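These notes concern the structure reproduced below.
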Amino acid sequence: MINLTILLAIFSFPLFAANHVAFLGGGGEPQGSKTIFDQDVKRFGNFVERMPGANVTVSFNGGHSGTEGKLAENFPASPNTPFTATNFEALVSRYESDIQAGRINSADQLMLYIDTHGAEQSPGGQTTHNIATTGGSIANFDNLAGARSVSLDRLRNLTTLAEARGIRLAIIDVSCHSGASQSLANSKTCVISATGPRHYGFAGSGTFSSNFINRMRPGRNLNDIFHSVRDDSADTDFPMISSPAGKDVQDQIYPLLTRFLYDYERNSPSKLRGDIINSISTNSCEQENESLATLINLLNNVENVTNENFRRLREAVSEYQVLRTTMQNQLRGMITNPVLTESRQFCHGGRCFTYSGKEVIAMDIPAAVAVANQAGVNTPSQAAFYQSWANTLNQLAPWKAQLLANPAVANFPNYFHNYPDLERQSERLARRISKEERRLYREMHEQASASDQRPNPCKDFRL
Amino acid sequence: MKYFFFLFLVLPAHAKNVCFNYQFEGAVKTLSGKYILITQSDTRSERKFEFDHQDIPKLAPYAGKHAKGEFILPEENPVSGTRVLSLTKIDFGTPDPLNHEKALVKLNQIECPKI
């Protein structure tokens, strides 16, 4: 009877289950021979070596001779095609038709590993985000301006087909803002993202993406690999997994921690500054205090009262909130103070010049007078123009002295030096918070997954 | 009536000088006693813009600082050394090294102003 059961079990599955692996990305890089993805090419090549018999497709980069050399060296059995929109479309269509025709079936599994630059989710209905293809160089890391890109929304149909045919599918997106890909998850599709939808991801050794590839070994499942590497890096990113317990934890803490993971050095200043300006213009400072209180309550609930596990995280977020308030107050004062925005007109010799308070307080008047006096003039009217201007510049001095005596605005000339200094302080705090967030995530995940019986496609995907 | 049709047919064909409105961000510096604007300084895309004497007083408060605003250029693809026809807006800004695309954004095509 036992033998019969074993035989039935064996013959109910196709004899040759196949691993299909696609390595995609390497786009958006500036001209040159190398790219920031070169080390990952080598790492992923080593992974493929550990997976003999896997059907490997490589569509990566294009246009960088050094990177292409590494691709040829590390994937000798899988010739590379440049990662263009056309090749991406062809690859997705091929997998779709392979599934529909049964060439990839329920005994098989398919992994798409996406290693490139990624944009924030576009407004207007996009459910994932755009990733950079080859051709073009990124000028803006938030929206990939300057680069060519494709939308990962194109993978939606593939995930639906895989689910309907019972095929295990893994989408590992290690690009910036890759948390936006989590929406592709379903009962058969595991999605792993190197960072949250509003944060950058990082490349290079010691980062989440490099550690993840290094731990990809035959026999291990994606769920275990993810949790074994999540704690190993402390960049200001937020790795995500679509397992039910992972999603529960992420839904609780990512919205509360989002603003505390913005820093100046590793993220673009625009992300932090944009968030501060947005909080001023939407008058959301009160909401920020409520959200901080929610986070502190959550930490109190999660930690063991006696050991105060999250004392350092509590301190760091509180300190960061004080810094944010300072930044908000300084920017609000600079943006809206009527003393600085008031304009006055100064005239001489029939010509008038208009200056605002902030222009006068910031101006080096003697240096401007020197420019006026030394200006090369071609015509008598130009000479008269500069003479009038030099005269009006001398009229500005009393107003400037008055502004400098006003403590509310006297700091404005230093604003250009001080404000970036404030922003730089966020780097130290954000990195501290990121390090502590790893511990919080682990503890909450252990609690959430302890008795979790829900299906987990990330656990089912075994290399 | 005959003359009306003549005007109607001929006037639209009259060539006009074409200029472009640009949004800019960059550093205002004093060079050889003149103010210039440098966008994307210290990169391969660095460009320097010179200004008409009418605009020099507007630039004075921004010398040594980062500025943002709008100006009118005679060229669709300006090169370094292009002369700005008219500085229409200027304000203080803060440098954002990763967002180079904001350095120079073409807004719209306009008829060149008379200066």
Can you tell me which residues in region A:100-125 are of a type in the set (A, V, I, L, M) and within 32 Å of the chain's Cα centre (by Cα)?
A:110, A:111, A:112, A:114, A:119
For region B:36-55, enumerate the residues that are more than 7 Å from chain A (Cβ to nearest Cβ) and over 13 Å from the mean Cα position of the chain (by Cα).
B:40, B:41, B:42, B:43, B:44, B:45, B:46, B:54
Can you pull out every residue in region A:195-217 that is in a loop (DSSP other than H, G, I, E, B) and touching a Pro at 6+ places or on another chain (Cβ under 9 Å)?
A:195, A:196, A:201
Can you report the number of residues in region A:343-372 which are in a helix (DSSP H, G or I) and surrounded by 12 or more Cβ atoms within 10 Å (Cβ to Cβ)?
13
Breaking point among (1) more than 12 Å from chain A (Cβ to nearest Cβ); (2) within 23 Å of residue A:357 (Cβ to Cβ); (3) modelled with pLDDT under 90, for residue B:66
(1)
Just checking, does region A:186-195 include any residue being touching a Gly at 6+ places or on another chain (Cβ under 7 Å) and within 14 Å of another protein chain (Cβ to nearest Cβ)?
no
Looking at the structure I just gave you, is residue A:328 assigned to a helix (DSSP H, G or I) and farther than 23 Å from residue A:412 by Cβ?
no
Quick check on region A:391-398. Is at least one of its residues at the interface with another protein chain (Cβ under 9 Å from one of its Cβ atoms) and either within 22 Å of residue B:31 (Cβ to Cβ) or in contact with a helix residue (DSSP H, G or I) (Cβ under 6 Å, 6 or more places away or on another chain) (or both)?
yes
Quick check: anything in region A:79-91 away from chain B (no Cβ under 14 Å), touching a Lys or Arg at 6+ places or on another chain (Cβ under 8 Å), buried (at least 22 other Cβ atoms within 10 Å of the Cβ) and not in a helix (DSSP H, G or I)?
no
Inspect region A:117-136 for any residue being modelled with pLDDT under 95, part of a strand (DSSP E or B), within 22 Å of residue A:23 (Cβ to Cβ) and not β-branched (Val, Ile, Thr) and give the result as yes or no.
yes
Residue within region A:346-365 that is out of contact with any Ser or Thr (no Cβ under 9 Å at 6 or more places or on another chain), more than 9 Å from chain B (Cβ to nearest Cβ) and over 30 Å from residue A:262 (Cβ atoms) present
no
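For region B:69-85, how many residues meet the condition of being buried (at least 18 other Cβ atoms within 10 Å of the Cβ) and of a type outside the set (A, V, I, L, M, F, W, C)?
2
Looking at A:340, A:323, A:299, A:257 in this structure, which one is within 14 Å of chain B (Cβ to nearest Cβ) and either in a helix (DSSP H, G or I) or surrounded by fewer than 16 Cβ atoms within 10 Å (Cβ to Cβ) (or both)? Please lay out each step first, then the result.
Working: A:323 fails: within 14 Å of chain B (Cβ to nearest Cβ); A:299 fails: within 14 Å of chain B (Cβ to nearest Cβ); A:257 fails: within 14 Å of chain B (Cβ to nearest Cβ).
After applying the criteria, what remains is A:340.
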Return only the number of the condition from (1) crowded, with 19+ Cβ neighbours inside 10 Å; (2) modelled with pLDDT under 90; (3) over 18 Å from residue B:40 (Cβ atoms) that residue B:115 does not satisfy.
(1)
Every residue in region A:71-100 that is closer than 18 Å to residue A:153 by Cβ and either modelled with pLDDT under 95 or among the small types (Gly, Ala, Ser) (or both), please.
A:85, A:90, A:93
Give the residues of region A:445-462 that are surrounded by fewer than 20 Cβ atoms within 10 Å (Cβ to Cβ) and either touching a Cys at 6+ places or on another chain (Cβ under 6 Å) or in contact (Cβ under 8 Å) with a residue 12 or more places away in the chain (or both), sorted by residue number.
A:447, A:448, A:449, A:452, A:454, A:455, A:459, A:460, A:462
Only one of (1) at pLDDT 95 or above; (2) aliphatic (A, V, I, L, M); (3) crowded, with 18+ Cβ neighbours inside 10 Å; (4) over 20 Å from residue A:237 (Cα atoms) is not met by residue A:139, so which one is it?
(1)
State which residue is surrounded by the most Cβ atoms within 10 Å (Cβ to Cβ) when the search covers only region A:120-136 and only residues that are closer than 26 Å to residue A:258 by Cβ and in contact with a strand residue (DSSP E or B) (Cβ under 8 Å, 6 or more places away or on another chain).
A:131
When residues of region A:43-70 are limited to those that are surrounded by 15 or more Cβ atoms within 10 Å (Cβ to Cβ) and basic (Lys, Arg), the one nearest to residue A:152 (Cα to Cα)
A:43
Identify all residues within region A:399-425 that are aliphatic (A, V, I, L, M), assigned to a loop (DSSP other than H, G, I, E, B) and either surrounded by 13 or more Cβ atoms within 10 Å (Cβ to Cβ) or at the interface with chain B (Cβ under 10 Å from one of its Cβ atoms) (or both); write none if there are none.
A:409
Among the numbered criteria (1) surrounded by fewer than 22 Cβ atoms within 10 Å (Cβ to Cβ); (2) assigned to a helix (DSSP H, G or I); (3) in contact with a helix residue (DSSP H, G or I) (Cβ under 7 Å, 6 or more places away or on another chain); (4) not acidic (Asp, Glu), which single criterion is violated by residue A:160?
(3)
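The values are calculated or read from the model by the stated rules, or taken from the named source; none is laboratory data. This one's a predicted model, so the numbers in the text were calculated from it and none came from an experiment. Cβ coordinates were reconstructed from backbone atoms using ideal geometry, including for glycine residues, and neighbour counts include every protein chain displayed.
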